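K.L.:
Mind having a look at this structure? Questions to follow.
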């Protein structure tokens, strides 16, 4: 990954090219397989999922990743009683590792990576679309996979941090944008003791409070996300900075340690016990997690009833012997579902108007009885590097955030239009053709590469193909220079 400490004062076109070079390395795949956990259904679908992923990687000339990985898994469950999101993610992470017997191919003994311990950034969400009237029969379940180098994700987060610090990235799409808190509600007819209210007045008061709490929870969770993304970007930027003179090294080391402490001490970040190192510590680990979650509910009455879909984020400093990220969610998420009781469609819990039947609500609630209604919509796990001061058992933090259908690193990826606004102002746009000799992002997404590009006239059409990822970095830079 490119060092960031002394490379900011360069032409803006450089950042566009650097961003696009990272996008060329992104793997985007889709497997038409129903999400499954470990069990009979998972064993039946595993070979097909591996074949589809390996077919797509062969088509694009890519081989299993050997370094740290950032992985986004988007599950779409079209069947009844789908697996829990943590079980689907655990099974898929195992399937994307070593190829099953009969699925091996020349130079492909693994599917996406060698070992799931390579995954340092993990995001998983589950969309449960089963309908009792068979209206979804024409659509099958699927697994959408986005795999990137962890170094590319770190570069995107650092670039987003740089843009934010320059003060030119104040739009609503910024991952650091913090929404305003809603104004306090004003229905005063239930505040007076002994006040007699009609059913309609009671409904209006309850509905007003429901929507106020919903907006307040959304705003607080979104602000928590923005704070944590900022802290994570600041911490990673310190790790990626260039070598400094000796007299400044200690100052920047203290700053990096402070940003790490800030990241792990957010008010809405639950400090969970250290990860178990032996089999005998598992029961105590589970009990301590239960106690911490109950303490969070008692300390923050606003979140005793979650009225918005949520994403849980785990910040992990692994123990000395290491830890698979998927095993953390496999232990903690069932307890979070039991105690925090999140809901995938909490708008259905809004008060009903008195005397009016709502068949649509009854049908929707009946559908939820056949899916995992009390569940988070998504979760993500981020592994932080160990430091000499970390305890042997590691550190684990849990944060509640708003559900946005995207991982933090996806939101922080700096697209060309934000970089253009950084240079030309908030009203700048990026046309669909070439801009200042730079091809637009419309065709720069990861596609099947051709064997070679035509150099006649040194012009590239929107349908041109980049060189294969197997080419050397110098070949890729040469192609970009064209």
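Quick note: the coordinates plus some simple rules give every number you see, no bench work behind them. The shown structure was predicted, so the numbers you read here are calculated from the model rather than taken from an experiment. Don't worry about glycine lacking a Cβ; one is built from the backbone with ideal geometry, like all the others, and counts go over all protein chains shown.
K.L.:
Nearest 0.05, what FRET efficiency do residue 59 and residue 26 give at R0 = 22 Å with Cβ-Cβ as r?
P.N.:
Given R0 = 22 Å and the Cβ-Cβ separation, E is 0.90.
K.L.:
Another question about this same structure. With 10 angstrom as the radius, rank 393, 166 by how many other C-beta atoms surround their C-beta, starting from the fewest.
P.N.:
Sorted ascending by nearby Cβ count, the order is 166, 393.
K.L.:
Of all the C-alpha pairs in region 281-320, what % are more than 10 Å from each other?
P.N.:
Result for the distance tail: 78 percent.
K.L.:
Taking Rh as the Kirkwood radius, which is the inverse of the mean 1/r over Cα pairs, what is the Rg/Rh value for region 322-394?
P.N.:
1.22
K.L.:
Just need the Rg to Rh number for region 284-345, please, alpha carbons only, Kirkwood Rh.
P.N.:
1.00
K.L.:
Take residue 94 and residue 288, extend 7 Å from each Cα along the Cα→Cβ direction, and tell me the distance between the two endpoints in nm.
P.N.:
Label at residue 94, label at residue 288, 2.7 nm between them.
K.L.:
In whole angstrom, how far apart do the alpha carbon centroids of region 31-74 and region 307-351 sit?
P.N.:
Cα centroid to Cα centroid, the span is 24 Å.
K.L.:
Still on this structure, I have one more. Please report the relative contact order for region 305-397, taking Cα pairs under 8 Å with a sequence separation of at least 6, and give it as a percent rounded to a whole number.
P.N.:
Relative contact order, region 305-397: 59 percent.
K.L.:
Quote the FRET efficiency, to the nearest 0.05, computed for residue 386 versus residue 131 with a Förster distance R0 of 60 Å and r equal to the Cβ-Cβ distance.
P.N.:
Calculated transfer efficiency: 0.80.
K.L.:
Stretch residue 295-residue 349 to full length: gain in nm at 0.36 nm per residue minus the Cα-Cα span?
P.N.:
17.0 nm
K.L.:
Return the ratio Rg/(2.2 N^0.38 Å) for region 244-403, where Rg is computed over Cα atoms only.
P.N.:
Cα-based Rg divided by the globular estimate yields 1.31.
K.L.:
For a quick check: sort 43, 120 by the number of other beta carbons within 10 angstrom, fewest at the front.
P.N.:
So the ranking, lowest neighbour count to highest, is 43, 120.
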